[in-house]
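Since every read-out is calculated from the coordinates, none of them should be taken as a lab result. A quick note: this is a predicted structure, and the numbers were derived from the prediction, not measured. Methodologically, a virtual Cβ is constructed for each residue, glycine included, from the backbone with ideal geometry; neighbour enumeration extends over all protein chains shown.
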Amino acid sequence: MRTVRNVHSRTVQAPANAVGALLDRLGGDPDPLFPTPAWHPMRFDRPLEVGAVGDHGLGPYQVAVHEPGRRIRFDFLPGPHGDATGYHEFTVRPLGPDRCRVEHVLECRHGLARRLVWHLAIRAGHDTVVEEVLDNIERAATGRLGAPVRWSPRVRLLNRLLWDRPTAVALPESARLARGAFPRTDFQDAWQLPLRPGMPAEPEAWEGVLRGAPFPVVGREGGEILLGKDAGHLDFRASVLVADGHVTLGTVVRTHHRGGRLYLALVRRVHPFMARTVLRRTHRRLALAAPGAGERWAARPPAGR
């Protein structure tokens with residue numbers, strides 16, 4: 001076992017108490033610092049305090065030290081990949097009345113295999129996320145940012161590979177257009193993803209989930225859009241529902257005769273893969289196009305900060 005140590009720091013032209021107040025909003029609502037929706041949000045099981053457990057997609061940690069406005073230390077907890085011994089922490093140190101230094105330190109003990117994963121894959125993503133947090137601190141505290149961090153090809157690949165994967169769910173009760181599309185259905189399914197902070201909650205933004213497919217919009221109601229097409233062998237409807245902090249892609253099909261049932265028997269073998277793929281692709285595309293945490297914070301009126 002060897003210790004991995006990773007340090008990032010930045011001098012910010014703002015008072016330490018102002019920067020510390022921003023740091024205390026990590027994982028909150030709103031969180032002006034963690035770079036969502038491009039990355040998995042930092043979430044805790046309670047307000048930021050000693051004992052709170054959270055993660056940002058790569059394993060759990062617990063708040064071990066919280067000195068409001070000055071320091072937050074997170075100790076790693078056992079996760080799906082085994083025990084992790086170490087911590088990561090943010091500190092704010094004043095350098096005068098109008099200047100401070102923000103530092104992030106990660107220390108973790110890894111065996112050979114985990115060290116290789118760290119150096120070959122995880123480190124690039126970690127470095128980018130931490131630098132984006134520092135970018136957001138600078139933007140929120142000073143109202144300006146010189147040169148934001150740029151994603152390398154490796155980081156783009158890592159972001160794509162780590163992106164949320166849809167889960168199978170029952171067709172929601174609130175998908176009323178899909179549920180009422182046909183008097184009977186021969187097939188239905190639904191796939192769902194959570195909306196990350198800052199992602200569009202208007203169903204119209206998700207209308208392109210079947211981009212490239214010739215399915216017109218046949219209905220709109222509340223947070224649901226229904227697309228579909230009728231054919232001689234079967235009728236097809238796709239429901240895009242944005243509700244309760246999730247986006248759900250549902251499908252309902254009605255066949256007309258034996259040929260339609262045979263066609264459905266073949267298509268349903270590849271349909272789940274295609275549905276998951278188009279939903280995940282659209283989810284990532286909209287997230288990367290949405291304003292980041294720092295931009296959303298800057299756009300808020302002062303009274304809402």
Would you work out the charge dipole size for segment 70-225 about its Cα centre, treating the Cβ of every Lys and Arg as +1 and the Cβ of every Asp and Glu as -1, and quote it to the nearest 20 debye? 560 debye
Please give the Cα centre distance for segment 199-247 versus segment 92-127, rounded to the nearest Å. 42 Å
Run lengths n ≥ 4 of DSSP H only: what is the helix-derived mean residue ellipticity at 222 nm for the chain, with -39500 (n - 2.57) per run over all residues, to the nearest 500? -8000 deg cm²/dmol
Taking only the C-alpha atoms, wrap a convex hull around segment 48-124 and report its volume per residue in Å³ as a whole number. 109 Å³
Among the chymotrypsin sites (Phe, Trp or Tyr not before Pro) in segment 12-83, which ones are in a DSSP loop with at most 10 other Cβ atoms within 10 Å of the Cβ? Mind listing them? none
Semi-axes in Å, largest first, for segment 163-305 (Cα gyration tensor, √(5λ)) are 32, 15, 12
Residue span Ala201 to Ala265: 0.36 nm per residue of separation minus Cα-Cα distance leaves a gain in nm of 19.6 nm
Which FRET efficiency value, to the nearest 0.05, do you get for Val65 and Arg165 by plugging their Cβ-Cβ distance into 1/(1 + (r/R0)^6) with R0 = 30 Å? 0.35
Given 11 as the ceiling on other Cβ atoms within 10 Å, longest exposed-site-free region of the chain for GluC sites (Glu not before Pro) in DSSP loops: 174-305
Amide H partners (placed H, <5 Å) of Gly219, local residues excluded: Leu226
Per-selection Rg to Rh, the chain - Cα, Kirkwood hydrodynamic radius: 1.06
I'd like the FRET efficiency for Gln13 and Glu295, computed as 1/(1 + (r/R0)^6) with the beta carbon distance as r and R0 of 22 Å, rounded to 0.05. 0.70
So what is the diffusion coefficient of segment 84-184 in µm² per second by Stokes-Einstein at 10 °C and 1.306 mPa s, using a Kirkwood Rh over Cα pairs? 89 µm²/s
The alpha-carbon center of segment 251-285 and that of segment 9-24 are separated, in whole Å, by 51 Å
Taking Cα atoms, the helix 123-142 axis meets the longest principal axis of the chain at an angle in degrees (rounded to 10) of 70 degrees
With an 8 Å cut-off on Cα pairs and a minimum separation of 6 or more residues, tell me the relative contact order of segment 167-287 in percent. 29 percent
How far is it, in nm, from the label point at Asn6 to the one at Arg150 when both lie 7 Å from their Cα along the line to the Cβ? 2.1 nm
Segment 2-162 - percent relative contact order, Cα under 8 Å, separation 6 or more: 28 percent
Pick from Gly28, Gly259, Gly69: which is most flexible by mean-square fluctuation in a GNM of the chain where alpha carbon atoms under 10 Å apart are linked? Gly259
Global geometry of segment 178-226, whether rounded, prolate or oblate, following the gyration tensor of its Cα atoms and the 1.5 cut on a/c: prolate
Points 7 angstrom from Cα along the Cβ direction at Glu49 and Thr85: gap in nanometres? 3.1 nm
With charges only on Cβ, +1 for K and R and -1 for D and E, what is the dipole size of the chain about its Cα centre, in debye, rounded to 20? 980 debye
Fraction in percent of alpha-carbon pairs per bin - 10 Å, segment 2-162: 10, 39, 37, 12, 1
What's the magnitude of the charge dipole for segment 167-287 around its Cα centre, counting Lys and Arg as +1 and Asp and Glu as -1 at the beta-carbon? Answer in Debye, nearest 20. 520 debye
